[in-house]
Amino acid sequence: MSVKQLSVFLDNKPGRLADTMKLISAAGVNIRALSLADTKDFGILRVIVSDAVKAKAILSEKLIVSETDVIAAEMSDKAGALSDILDILKDADINIEYLYAFTGSKADSAYVVLRVDDVLHAEAVLAGENIPMLSEEELMGIF
């Protein structure tokens, strides 16, 4: 039950992020989750949006964009919940390449977006441990 994430490569210069956000919003696409990692010269904006196909088409006209399958797992909004998920993946020898987390409007819940080395295996392991994973439709409805 993976979701599509777009990774956008940006020059690390004033206004690049603002310009990118304007492209997405002007297309009528809503951002559901995002992460920005940077180096001295460039950044990688990772976004989950309401319409990945549309956003990718718009952004690809001016920027380098890639699409990746990630897992959006639900967890309790309490101390230790993320550690529990990470331990499950560690015990299954699944490598986490990166992650970012967010909360939504559902009380007592938080969400973690995981990029792992084997999405299908991770989904099976998490499902076996009764960790809820969001579909793209569910992810769009949590806010």
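Just so it is clear, none of the values below were taken in a lab; they were calculated from the coordinates. These numbers come from a predicted model, not from an experiment. Counting neighbours? That spans all protein chains shown, and the Cβs are built from the backbone with ideal geometry, glycine included.
Assuming 0.36 nm per residue, please report the length gained on full extension of the stretch Lys62 to Ser105 beyond their Cα-Cα distance.
Separation in residues times 0.36 nm, less the Cα-Cα distance, equals 12.1 nm.
State to the nearest 20 debye the size of the charge dipole of region 70-140 about its Cα centre, where the only charges are +1 on K and R beta carbons and -1 on D and E beta carbons.
With Lys and Arg at +1 and Asp and Glu at -1, about 220 debye.
In the structure shown, do any of Lys4/Lys78; Lys54/Lys78; Lys13/Lys54 have a Cα-Cα gap over 32 Å, and if so which?
Checking Cα-Cα distances, Lys54/Lys78 exceed 32 Å.
Mind ordering 116-122, 68-74, 22-28 by average Cβ neighbours within 10 Å, highest first?
So the order, starting with the most tightly packed, is 68-74, 116-122, 22-28.
Among all the aspartates and glutamates, which ones have a C-alpha under 17 Å from Lys90's C-alpha, if same-chain residues fewer than 8 places away are not counted?
Straight-distance partners of Lys90: Asp117, Asp118, Glu123, Glu129.
About the Cα centre, and with charges only on the beta carbon of Lys, Arg (+1) and Asp, Glu (-1), how big is the dipole of region 1-92? Nearest 20 debye, please.
400 debye
Nearest 10 degrees is fine. How inclined is helix 81-91 to the longest principal axis of the chain, computing both from alpha carbons?
Compared with the principal axis, the helix lies near 80 degrees.
Determine the sum of side-chain charges near Glu61: Lys and Arg each +1, Asp and Glu each -1, restricted to other residues whose C-beta is under 14 angstrom from that of Glu61.
Surrounding charge for Glu61 is +3.
Would you work out which of Ala52, Ala26, Val3 lies farthest towards the positive end of the dipole of region 3-69, given +1 charges on the beta-carbon of Lys and Arg and -1 on that of Asp and Glu, about the Cα centre?
Selected residue: Ala26.
For the chain, what is the calculated [θ] at 222 nm in deg cm²/dmol (nearest 500), taking -39500 (n - 2.57) for each run of four or more DSSP H residues and dividing by its residue count?
-9000 deg cm²/dmol
Add +1 for every Lys or Arg and -1 for every Asp or Glu among the other residues with Cβ under 9 Å from the Cβ of Ile71, and state the total.
Around Ile71, the charge tally is -1.
Hey, what angle do you get for helix 16-26 against the long axis of the chain, alpha-carbon based, 0 to 90 degrees rounded to 10?
90 degrees
Spin-label point model (7 Å from Cα, Cβ direction): what's the Asp118 to Ala92 distance in nm?
Placing both labels 7 Å along Cα→Cβ, they lie 1.0 nm apart.
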